[in-house]
Every structure is written in C-alpha cells, then in structure tokens.
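Step one of this worksheet: look at the structure below.
The values are calculated or read from the model by the stated rules, or taken from the named source; none is laboratory data. Since the model is a prediction, treat every value here as computed from it, not as a measurement. Backbone-built Cβ (ideal geometry, glycine too); neighbour counts: all protein chains shown. Protein only, heavy atoms only, side chains kept; ligands, DNA and RNA dropped before computing areas. Shrake-Rupley method; radii C 1.70, N 1.55, O 1.52, S 1.80 Å.
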Amino acid sequence: MALLDKFAAADNLKAQLSAVGHDPTQVVIDKIITATEGLVEGRHTILAGTNNYLGLTFDTACIEAGKQAIETQGTGTTGSRMANGSFAAHKALEQDLANFFGVPYGMVFSTGYAANLGTLTALLKPGDAVLLDADAHASLYDGCQMSGADIFRFRHNDTASLEKRLQRLGERAADCLIVTEGLYSVMGDCAPLPEIVELKKRYGAWLLVDEAHSLGVYGDSGCGVAEAQGVMQDVDFFVGTFSKSLGAMGGFCTSRHPQLELIRYVSRPFIFTASSSPSIVASTHEALRQLQARPELRKNLWRNAHQLYRGLHDSGFEVGPEISPVVAVRLGKKEVALPFWNYLLENGIYTNLMAPPASPDQHSYVRCSVSAAHTAQQVERIIQVFCEAKEKL
Ligand code: PMP
C-alpha cells in the first residue's frame, strides 16, 4: 500500500485543479489548425502559450525537409548513436549549430532536458561547486543534482548574491561552474550576462548559458541573449533546445572547448537513449537555416511581443519587468488565477497557468508566449479576452 500512498498529494492537487473547471495540466488540443490556432472541445482557440517563437512548426520548407528525411532515411534511428552509429544528418546539424554559435564544437541530444542532464553530469563531479540561478529550469537543477556536485543557489539575476557565494567559496571559486539562462521563461526577463561574465573572469570560474528561450529571439543573428549583450566569446558552454524557436524536439550543447567531443564518451543521457529521428533532425536543420535567412521572423515576433506587453500593461495588468515574447501576468492567489485561466480557455485563448510551487514566488501567474506567426488581430483578441476576464471575475 505505502508505495502508492504517496500519490495522495497528487490526487488532491488534481481534484483542486479540476474543481474550478478544466485541469490546466490536461488540456487536449483536438486539432492543430496552424502554428497559432487549434480546436479545443470544438472551440476555435488561439494558442498563446506554446513557445513556438518563430512559428516554424507549419513552415513549408521545414515540413518538406522532414518528409524527405522520412522517405530517404526512415522513421527512426532505433537506438543510441554510441551503439547504432550516427546518421550523417546528426553530424551535419552538429557542425552547423557550432558554426552558428561561432565555436568549433557542437553536440546534439534527443531533448533539451537530456542536453542539460548530459552536459552537466559530464562536466561536474562530486566535490565540484556549481552556482545556479534560483529560477533556473528544472533540467538545469536536475543535471546539477545528478552530477553530485555541491550546488549553491544565487538569487535570480542578482549579481550581488552571486558574488557573495563566489566569495564564500574561497579557492573553490576558481574552478566552479556558473549556470544561468539567457531569457527566463518564467517572467520573460533576461540574465545580466556582462555582469556575470565580469564575475566569472574575476574569480576564474566557468560559465554555461541555457539559451533555450532566446535562440532565434535575441541577437543580430538570433544566437540568443549572450549575442545581444555582446559576451558570446566569454561563454564556455551554450545549451538549448529545438523545441521552441526551431519548432521540433531535441537539444544541443556548443562550445569552444575541445573537451565537448569527449562528453560523448561519458554522458549517460547521451549514450543510453535513442538518437533523434531523421525527420526531427531534418526539420530542425531547415528551421536553423530559416532562422538565419529570414530576420523578418524575429521582427514580427518582437512586434507581437510589444503589442501584447503594452496592451496588457496599459489595461492595468501586472506584467513582468521587461518586454519579451514571454508575458507573465501576476494574478496573486491561486484561487484567482485558476478561474481566470479557465475563463481564457473557455473563451478561446490557450495560455499557461503557473502556481506555487511552480511559480518563482508565492503568487500565481497566467503566462502567454507570442509567436512571429500570430497576427495583430489575434494579439488584440488575447488582450480583449484578458480584459473581459478581469471585468467578469
Ligand atoms: N531549458 C529550458 C530553459 C527550458 O525552458 C526547457 C523546456 N521548457 C528545457 C531546457 C528543456 O527542453 P526540452 O523541452 O527540449 O526538453
């Protein structure tokens, strides 16, 4: 009995979430119409919480590349690269990702989660010290934890807090790893990378930046926040995912350090899982080309980000600290946020609910993310339904 008793808390949470209406963790999109629209329970719904930043999931060139790869290479690789061999397409994508970041080495993983587990567990060992931003994604936490290294959390985006921890580490600071994201997906704010780089250099530490949400979004070439803030050459390891602006699934690590190539020999999340299927590798590779060839995608994304942020802000909503494609609206108590999120869904707007303990503080949020593929009318409709919800609830 005891083995299964521990699910009582989850059962309780499920009941709480379902009591108000829809359970936010169980939404089914019956039909995907476009990158920004779907059918939920027969209702035409604007998808405003997908992280599909460049809207490339329905891009004709990406779809064609995926189709061709299935036809010529089959539906799957049926095993890990260590055991079954790499397909040439995995190697080509790795090389192009490295070129894109302006570094010699690149490595592809089956998911972004695996990229973080695989990189961090290979880089860190028990006895090492890692300094981790408190709002870092679960995959960064899990990777650090699995490595057995000593984890020291610093306050989110707070370089004074980071420096305090570096000071306390004494001599160990000289070889520790600092782990941060570029754009944080919780509140849509960016890391202060130049200040973090200054500390890294002063103490002789290493720096890993997760650009999962910033790839294709920030920087003149779309490399991410490190590019936008002019510190790419000071980052030791870039990690990220294919599941957001590249519209597919998978993850990567790129680096100027040749030891990245050796991670292949020791990284269990790389070795003991099947490699990405040909269609995924092909559509991701095409999306990487589109990202570089079509800067207008980024321009449209930012136009929509400004429209949504300004529209919600000017309607009296409490939004995050800076304009970005991730717009989190603070609603206070879960008892307020849950009906609010339900109202949006029932009126054709799909967003993400963030409630404690999954939110960064004691507050609950409804989070939107915009896409380059949203039209101005869709963004306007999102703002309008938010205002209706505020009036009615
Ligand atoms: N890093 C960050 C910052 C993320 O937000 C996510 C996913 N939300 C991941 C890594 C994991 O990526 P994936 O979904 O490709 O596993």
Completion exercise
The condition from (1) open to solvent by 10 Å² or more (accessible area, probe 1.4 Å); (2) under 19 Å from the mean Cα position of the chain (by Cα); (3) closer than 20 Å to residue 266 by Cβ that residue 144 misses is numbered (1)
Practice task
Return a yes/no flag: does the range 110-123 have any residue that is polar (S, T, N, Q), in contact with a strand residue (DSSP E or B) (Cβ under 6 Å, 6 or more places away or on another chain), within 19 Å of residue 240 (Cβ to Cβ) and surrounded by fewer than 21 Cβ atoms within 10 Å (Cβ to Cβ).
Solution key: yes
Exercise for the section: Return only the number of the condition from (1) more than 20 Å from residue 195 (Cα to Cα); (2) open to solvent by less than 50 Å² (accessible area, probe 1.4 Å); (3) of a type outside the set (A, V, I, L, M, F, W, C) that residue 157 does not satisfy. Expected result: (1)
Exercise for the section: Report whether or not residue 50 is β-branched (Val, Ile, Thr) and open to solvent by 30 Å² or more (accessible area, probe 1.4 Å). Expected result: yes
Practice task
Would you mind stating whether residue 221 is touching a residue at least 40 places away in the same chain (Cβ under 8 Å), closer than 20 Å to residue 276 by Cα, open to solvent by 30 Å² or more (accessible area, probe 1.4 Å) and of a type in the set (S, T, N, Q)?
Solution key: no
Fill in the blank from the handout: Here, strands (runs of 3 or more DSSP E) confined to the range 231-336 with at least 1 residues that are touching a helix residue (DSSP H, G or I) at 6+ places or on another chain (Cβ under 7 Å) and aliphatic (A, V, I, L, M) are 237-241, 326-332
Practice task
Pick out the one residue from 320, 332, 311 that is more than 21 Å from the chain's Cα centre (by Cα) and at pLDDT below 95.
Solution key: 332
Practice task
Show the residue pairs that are 6+ apart or on different chains and have beta-carbon atoms under 9 Å apart, the first residue being within the range 296-307 and over 13 Å from residue 327 (Cα atoms) and among the polar types (S, T, N, Q), the second being open to solvent by less than 30 Å² (accessible area, probe 1.4 Å) and modelled with pLDDT of 95 or more.
Solution key: 300/54; 300/55; 300/371; 300/372; 300/374
Practice task
Among residues belonging to the range 206-226 that are away from the ligand (no atom under 15 Å from the Cβ) and in a loop (DSSP other than H, G, I, E, B), point out the one that is nearest to residue 115 (Cα to Cα).
Solution key: 223
Exercise for the section: Being within 26 Å of residue 306 (Cβ to Cβ) and away from the ligand (no atom under 12 Å from the Cβ) is the filter here, so list the residues in the range 189-205 that pass it. Expected result: 189, 190, 192, 193, 194, 195
Practice task
Identify the residue in the range 98-141 that is within 12 Å of the ligand (Cβ to nearest atom) and of a type in the set (Asp, Glu) and, among all such residues, is farthest from the chain's Cα centre (by Cα).
Solution key: 133
Exercise for the section: Could you tell me whether residue 108 is at pLDDT 95 or above, farther than 22 Å from residue 208 by Cβ and of a type in the set (A, V, I, L, M)? Expected result: no
Exercise for the section: Check the range 89-97 and report whether any residue there is within 16 Å of the ligand (Cβ to nearest atom), outside any helix (DSSP H, G or I) and open to solvent by less than 10 Å² (accessible area, probe 1.4 Å). Expected result: no
Completion exercise
Note: among 268, 264, 289, 298, just one is at negative phi and either loosely packed, with under 14 Cβ neighbours inside 10 Å or of a type in the set (Asp, Glu) (or both), namely 268
Practice task
Within the range 371-379, identify whether any single residue is under 25 Å from residue 23 (Cβ atoms), free of Cβ contacts under 8 Å to residues at least 60 places away in the same chain and within 21 Å of the chain's Cα centre (by Cα), and answer yes or no.
Solution key: no
Completion exercise
residue 337 vs (1) more than 16 Å from residue 187 (Cα to Cα); (2) assigned by TED's automatic domain parsing to the domain that holds residue 43; (3) over 19 Å from the mean Cα position of the chain (by Cα): all pass except (1)
Handout entry: Count of the range 227-250 residues which are within 23 Å of residue 296 (Cβ to Cβ), charged (D, E, K, R) and either within 13 Å of the ligand (Cβ to nearest atom) or open to solvent by less than 10 Å² (accessible area, probe 1.4 Å) (or both)
Key = 1
